[in-house]
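This report concerns only the one structure given below.
Nothing in this text is a laboratory measurement; each read-out follows from the coordinates by a stated rule. Bear in mind that the values here come from a model prediction, so they are computed numbers and not experimental data. Neighbour counts run over all protein chains shown; Cβ positions are idealised from the backbone, glycine included.
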Amino acid sequence: MVTVDTIDGDGTMKIAAGNLYVTDSVSDITLKLTDTTFAVGTTVFKAASDTVDVDDLNTFGFTLTKSEGTTVDTFKIASLAFAGIVINKDSSSIANGYSETFTATAYPTGTSIPAGTQIVWDLDGGSSEVFNLTSSGTSATVKVVSVDPIFESENKTTLTATLYDADGYEMDDYGVAKCAVTAISTPTAVSDTNAALSVQKGSSYIMKVTSATAPSVVTGTSGVFTVTLVSQNGNEYFYKLSATGSIGAATGVYLNGNKIFVATVKGYAFTSDTTVDLTVKGAYTFKITSAVAPAVTVGSPTFGLTFVSKSGDDYFYKITSASAAGSAAGIYVNGTRIFVATVG
């Protein structure tokens with residue numbers, strides 16, 4: 001929280017929403033919020049009554065409305081306005097042989113990039129023998145193909161994203177989004193799991209991350225897997241991924257902001273006494289063996305499905321024909337088709 005008498009100048013002042021109080025006056029400055037997201041109605045700052053008006057300063061990505069009080073005036077966001085693009089990171093370190101994909105989005109969140117514009121990506125500085133850039137639309141991938149062992153400056157570059165209009169002219173009013181990128185010899189954090197995996201719903205998987213500092217392990221989609229740090233031994237960190245989402249749901253797992261693999265929730269393990277397609281005249285009973293109750297479904301109304309009984313881990317189901325001869329339907333367990341039944 002900052003309390004000031006007077007703010008004056010041609011520069012930009014960055015604050016967190018609600019963390020500024022002015023006792024005298026504001027003149028000319030551009031006010032920018034450090035918050036990653038904000039919305040209409042958010043309090044930007046407060047001032048002593050009758051000291052500041054909304055047109056005393058410039059704003060970046062929003063307009064202001066003033067609510068007058070007896071002793072304090074409150075300035076809130078009246079509307080959002082597209083102010084440019086931002087890259088999802090300010091800085092990144094990429095190990096030799098690895099790559100990272102960056103995205104550019106409209107700022108502030110909730111606005112849109114103007115129709116007809118295009119984003120041009122570029123690398124400013126560093127060596128072309130160290131960095132490789134590929135881009136398409138709002139995303140760009142930087143790959144480190146080597147590390148200069150002598151000149152450290154060759155291992156540093158700035159990824160830029162610039163808006164151009166439909167005629168190919170740079171839109172200077174919006175500035176350039178930037179991210180500092182450094183090439184390093186080896187990853188700062190290494191996971192023992194880097195390939196896609198499936199975990200049975202309700203079960204968990206332990207992954208190990210070796211890192212000199214505490215790493216960040218998160219999932220890209222909420223409600224699919226939970227991530228819990230279960231133990232640490234020196235520079236080895238052990239994380240438990242628990243499958244909590246719906247069967248078939250998947251999410252990326254990210255280490256220090258980089259996606260290292262995709263985890264999918266799979267159905268419970270089971271076996272069926274029927275695994276080949278068959279013709280059913282009237283009714284047919286089949287057995288599913290599973291440690292937990294399976295989810296058994298029929299792909300169409302061709303057959304009715306009835307749960308018959310349970311004995312230990314054995315579940316018995318009956319399908320009964322409900323359509324004309326020749327009609328067929330798949331029989332599914334935990335989302336997997338085990339056989340096709342045809343009405344005889």
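Things to note:
- Ranking S185, V199, F131 by Cα position along the charge dipole of region 113-238, where only Lys, Arg, Asp and Glu carry charges on their C-beta atoms, puts V199 farthest toward the positive end.
- Cα shape, region 117-207, gyration tensor, a/c 1.5 rule: oblate
- Springs between Cα atoms under 10 Å define the GNM used for the chain, and in it the highest mean-square fluctuation of Y332, Y174, Y107 occurs at Y332.
- Among T109, T71, T141, the residue with the largest mean-square fluctuation in a Gaussian network model of the chain, with springs joining Cα atoms closer than 10 Å, is T71.
- The residue among V230, T264, A212 whose Cα reaches farthest toward the positive pole of the charge dipole of region 211-344, with charges on the beta-carbon of Lys, Arg, Asp and Glu, is T264.
- Put in order of Cβ neighbour count within 10 Å, fewest first, the listed residues L64, L159 become L64, L159.
- Under a model in which nothing but the beta-carbon of Lys, Arg (+1) and Asp, Glu (-1) is charged, region 32-121 shows a dipole of about 280 debye around its Cα centre.
- The chain: relative contact order in percent, alpha carbon pairs under 8 Å with at least 6 residues between: 9
- For the pair T65 and I15, the difference between a 0.36 nm per residue extended length and the Cα-Cα distance amounts to 16.2 nm.
- Region 84-140: radius of gyration over Cα atoms, expressed as a fraction of 2.2 N^0.38 Å: 1.27
- Debye-formula intensities of the chain, expressed as log10 I(q)/I(0) at q = 0.06, 0.10, 0.13 Å⁻¹, are -0.42, -0.87, -1.06 (one equal scatterer per alpha-carbon, no solvent).
- Note on M1, M13, M207: ascending count of other Cβ atoms within 10 Å places them as M1, M13, M207, the fewest first.
- In the elastic network of the chain, a GNM with C-alpha springs shorter than 10 Å, the most mobile of P187, P108, P301 is P301.
- Near Y315, the amide H atoms lying under 5 Å from its own belong to I288, T289, S290; only residues 5 or more places off or on other chains count, and H is placed 1.01 Å from N.
- Qualifying chymotrypsin sites (Phe, Trp or Tyr not before Pro) for region 95-154 [loop in DSSP, other Cβ within 10 Å: at most 11]: F151
- Charge dipole magnitude, Cβ of K and R +1, D and E -1 - the chain, Cα centre, debye nearest 20: 2720
- Loop exposure criterion: GluC sites (Glu not before Pro), DSSP state outside H, G, I, E and B, at most 12 other Cβ atoms within 10 Å. Applied to the chain, the longest stretch between such sites is 130-344.
- About the centre of its Cα atoms, region 2-51 shows a dipole size close to 280 debye [charges on the beta carbon of Lys, Arg (+1) and Asp, Glu (-1) only; nearest 20 debye].
- Note on region 234-341: the C-alpha convex hull projects to 9.7 nm² when averaged across all orientations.
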